[in-house]
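Everything on this sheet refers to the single structure shown next.
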Amino acid sequence: MQSAPSLRQKENSAEHISGNIEVERKFIVSAASLCEIERHGAILSKESRFLDVYWDNNNYDLTTNDYWLRQRDGIWQLKYSSGARKSTACAQYKEVCDQASILTAVRQLFNSKRLQMSSGSFTEFVESLAKVATFKTHRRSFTLGSLTVDVDDADFGYQVGEIELLVGDEAEIPAAVQTINACAQELGFVQENVPGKVEQYLAKSNPSLYNRLVNERIFTTPISKDI
């Protein structure tokens, strides 16, 4: 595993974590699903390509707690579960993108789990990490009412879609789940627990970590060789 590069980004301090909650439901992409998205009036709003690099320490203390630290085209981001993802087809993650909030969230996790972590800067923290996944994605983003529908094509041969709604507070999650599930039903996307890109990547490229995450109930979806 390769060491993390030095950072040139300016570090800030913050006492509280700010960020949106992403409520999302994945679906299997096919020619028929793309037709359904367009038939229901979705508008292609953006097309992008990006590189994701995911990081963790040697004990995998982040990923085994459903914390996903990545660089997307060099920008640091942290997604971590806000709960209930195991009991619904919709996952719920909080996402933070500034370094101070990322460091605060990780320290809160490590303190709650009694894990060791240095008291240094964000730069010192990420320099202690190593890569666990690297892949490129071609994304087509559609707008469908208040929802965003993303269709992703990863460079390791996996396609997956996602219906997403951003909310600012946990109290808004139930309504968001209802809206997303209603949209999925209308589009005919009835599959539940569709694997995400990182899940599929690790199943192929790092089976030992993948199996550990299955045992930890972070991943709950059986990986099909046909996907």
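Given (1) surrounded by fewer than 14 Cβ atoms within 10 Å (Cβ to Cβ); (2) at pLDDT below 95, identify the lone condition not met by G157. It is condition (2) that G157 fails. Looking only at the range 171-192, residues that are assigned to a loop (DSSP other than H, G, I, E, B) and surrounded by fewer than 16 Cβ atoms within 10 Å (Cβ to Cβ) come to 4 in all. Being open to solvent by 60 Å² or more (accessible area, probe 1.4 Å) and either without any contact (Cβ under 8 Å) to a residue 12 or more places away in the chain or outside any loop (DSSP other than H, G, I, E, B) (or both) is the filter; apply it to the range 193-205 and report the residue that is farthest from Y54 (Cα to Cα). Ranking the candidates gives K204 first. Got at least one residue in the range 123-144 being of a type in the set (A, V, I, L, M, F, W, C) and more than 24 Å from W76 (Cβ to Cβ)? The answer is yes, given that some residue of the range 123-144 is of a type in the set (A, V, I, L, M, F, W, C) and more than 24 Å from W76 (Cβ to Cβ).
Selection of the range 126-158 for residues being among the aromatic types (F, W, Y) and either assigned to a loop (DSSP other than H, G, I, E, B) or closer than 26 Å to E36 by Cβ (or both) yields F142, F156, Y158.
S119 meets all of the listed conditions (1) free of Cβ contacts under 8 Å to residues at least 24 places away in the same chain; (2) under 17 Å from the mean Cα position of the chain (by Cα); (3) at negative phi but one, namely (2). Flag: S101 does not match the condition of being under 19 Å from T64 (Cβ atoms), in contact (Cβ under 8 Å) with a residue 60 or more places away in the chain and either among the polar types (S, T, N, Q) or not in a strand (DSSP E or B) (or both).
For the range 70-82, the count of residues that are open to solvent by 30 Å² or more (accessible area, probe 1.4 Å), among the aliphatic types (A, V, I, L, M) and either more than 22 Å from Q200 (Cβ to Cβ) or part of a loop (DSSP other than H, G, I, E, B) (or both) is nonzero.
Let's see how each residue does on (1) open to solvent by less than 20 Å² (accessible area, probe 1.4 Å); (2) modelled with pLDDT under 95; (3) more than 22 Å from E216 (Cα to Cα); (4) of a type outside the set (G, A, S):
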| residue | (1), (2), (3), (4) |
| --- | --- |
| A4 | yes, yes, yes, no |
| E11 | no, yes, yes, yes |
| S33 | yes, yes, yes, no |
| I37 | yes, no, yes, yes |
| G41 | no, no, yes, no |
| S45 | no, no, yes, no |
| L51 | no, no, yes, yes |
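The values are calculated or read from the model by the stated rules, or taken from the named source; none is laboratory data. Here the structure is a predicted model, which is why all the values come from computation and not from measurement. Neighbour counts are summed over all protein chains in view; Cβ atoms, including those assigned to glycine, are modelled from backbone coordinates with ideal geometry. For the accessible areas, the whole protein counts, side chains as well, though only heavy atoms, and no ligand, DNA or RNA atoms are used. Shrake-Rupley method; radii C 1.70, N 1.55, O 1.52, S 1.80 Å.
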